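Engineer: Dumping the structure here so I can ask a few things about it.
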Amino acid sequence: MIGSPTTNPTMIKRSFVILAVAAAPAFAQANPNMANAAALFSSVQGYITQAAADMSEAQYSFRPTADVRTFGELIGHIAGSQKMFCAIAMGEQPPAEDAVEKSAKTKAALVAALKESNDYCAKAYKQTDAAAAATVDLFGEKHSRMFTLLENVTHDNEHYGNIVTYMRMNKLVPPSSRPRPSGN
């Protein structure tokens with residue numbers, strides 16, 4: 001090759017390509033803990049959102065037994081609690097956990113509230129790992145923001161289990177039990 005590596009344009013381009021390829025995993029994993037938490041949230045909220053869309057307006061009043069929430073109340077509870085957990089995880093003043101559950105009554109209103117809480121939480125899951133290590137007050141105990149976000153995922157999964165039962169009792173296949181598109 002002609003010229004020194006520092007003046008040869010071909011060598012300079014190759015050097016940048018090699019550096020970019022070598023650095024890509026480091027950039028992609030800049031916040032691996034939050035990326036993992038966000039992936040868990042995305043998965044469960046996708047199932048919940050699909051289930052909310054799949055149940056008919058009439059099925060929103062379905063209640064397996066007299067002492068449990070209706071399907072609509074369950075969706076409202078999830079929407080409200082997500083917003084509460086995510087507000088805490090961002091260091092913001094949380095809304096009342098049961099505000100949505102008590103106010104939204106139609107399928108359209110509940111689906112809209114769930115979408116709003118999903119969008120709000122998406123911001124919380126975009127924090128850096130360093131920001132997520134900050135301590136917040138969660139139900140009178142000190143925990144990290146990450147813990148709070150994982151508690152949100154845990155809570156959503158608990159209630160998705162309820163949703164699966166509600167759907168099966170209504171002869172519907174839950175989103176998580178459906179065949180996955182090829183390539184996933």
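Readers should treat all values here as calculations from the given coordinates under stated rules, not as data from a laboratory. Nothing here was measured: the structure is a model prediction, and the numbers come from that model. With ideal geometry, Cβ positions are generated from the backbone for all residues, glycine too; neighbour counts draw on all protein chains shown.
Engineer: What list do you get for 83, 115 if you sort them by fewest beta carbons within 10 Å? Numbers along the way, then the final one.
Structural biologist: On the way: 83 26, 115 14.
Placing the least packed residue first, the sequence is 115, 83.
Engineer: Let me ask you something else. Straight-line reach only, C-alpha to C-alpha below 15 angstrom: list the aspartates and glutamates that residue 115 could link to, leaving out same-chain residues fewer than 8 apart.
Structural biologist: Straight-distance partners of residue 115: 54, 101, 156.
Engineer: With respect to the cross-link table entries 123/171; 102/171; 105/171; 126/171, which display a Cα-Cα separation exceeding 30 Å?
Structural biologist: Values: 123/171 35 Å; 102/171 27 Å; 105/171 23 Å; 126/171 37 Å.
Among 123/171; 102/171; 105/171; 126/171, the Cα-Cα distance tops 30 Å for 123/171; 126/171.
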